[in-house]
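Working notes, structure below.
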Amino acid sequence: MRGFVLGVFLTLVALVVGGYMFVRDGGVSMATTAQPLPLEQTVANMALRASIGNARDQKNPLPFGDANMLAGVKTYKNNCAGCHGAPQQSTPAISKGMFPPPPQLFESKDMVTDDPEGETYWKVTHGIRLTGMPGFASILSDTQRWQVTMLVAHANKLPGSVQAAFEH
């Protein structure tokens, strides 16, 4: 029995030392142009879901309407569009060099209109590690973060006045 425990212990030590040496010697590329590691997206998504937790149940306290959406456009254009794009505009150049690429929130394939608003608000507030997505808790007010959340939650059905605000 003692030999078995020693064997398990030595195997674990070898795995830790081997993993350390693999990373230290460049086995994990941090280049945004490198291919993702096996299971990287799965592990990252699992960690993100766990971090968001119950925040997805949070409801937007702001009344839905053009005033909040228009304010959201102003905040979005100043803080988000550089990476996440805007309606009927080409993908921002900077986003093409990011890994993972930031979702283009006004393109149908990347819209988050089916995400709970509490989840989007959490992402805007706290950011997402190792993605380039900053947390805006100390930059934008709660109201501004909820206005941006409202805007992207309704990206697929923007009123004409809101659509027009992106063009000015």
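Would you check which residues across the stretch 55-73 are more than 13 Å from ASP115 (Cβ to Cβ) and touching a residue at least 24 places away in the same chain (Cβ under 8 Å) and list them?
Within the stretch 55-73, LYS59, PRO61, LEU62, PHE64, ASP66, ASN68, MET69, LEU70, ALA71, GLY72, VAL73 meet the criteria.
When only residues in the stretch 69-84 that are of a type in the set (A, V, I, L, M, F, W, C) and touching a helix residue (DSSP H, G or I) at 6+ places or on another chain (Cβ under 7 Å) count, which is farthest from VAL162 (Cα to Cα)?
Among them, the one singled out is CYS83.
Checking ALA155 against (1) surrounded by 15 or more Cβ atoms within 10 Å (Cβ to Cβ); (2) in contact with a helix residue (DSSP H, G or I) (Cβ under 8 Å, 6 or more places away or on another chain), which single condition isn't satisfied?
The one condition ALA155 does not meet is (2).
Name the residue, out of ILE128, ILE94, that is in contact with a Gly (Cβ under 8 Å, 6 or more places away or on another chain) and closer than 30 Å to ALA34 by Cα.
Of ILE128, ILE94, the one residue that is in contact with a Gly (Cβ under 8 Å, 6 or more places away or on another chain) and closer than 30 Å to ALA34 by Cα is ILE94.
For the subset of the stretch 126-138 comprising residues that are farther than 16 Å from ALA81 by Cα and at pLDDT 95 or above, which member is surrounded by the fewest Cβ atoms within 10 Å (Cβ to Cβ)?
SER138
Inspect the stretch 110-117 for any residue being under 17 Å from ASP142 (Cα atoms) and part of a helix (DSSP H, G or I) and give the result as yes or no.
Looking through the stretch 110-117, at least one residue is under 17 Å from ASP142 (Cα atoms) and part of a helix (DSSP H, G or I).
Could you check how many residues of the stretch 85-111 are buried (at least 18 other Cβ atoms within 10 Å of the Cβ) and in contact (Cβ under 8 Å) with a residue 40 or more places away in the chain?
Summing the residues that are buried (at least 18 other Cβ atoms within 10 Å of the Cβ) and in contact (Cβ under 8 Å) with a residue 40 or more places away in the chain in the stretch 85-111 gives 3.
How many residues does the stretch 116-129 hold that are more than 15 Å from SER51 (Cα to Cα) and either within 12 Å of the chain's Cα centre (by Cα) or free of Cβ contacts under 8 Å to residues at least 24 places away in the same chain (or both)?
Residues in the stretch 116-129 being more than 15 Å from SER51 (Cα to Cα) and either within 12 Å of the chain's Cα centre (by Cα) or free of Cβ contacts under 8 Å to residues at least 24 places away in the same chain (or both): 0 in total.
The values are calculated or read from the model by the stated rules, or taken from the named source; none is laboratory data. A quick note: this is a predicted structure, and the numbers were derived from the prediction, not measured. A quick note on method: Cβ atoms are made from the backbone with ideal geometry, for glycine too, and the neighbour counts reach across all protein chains shown.
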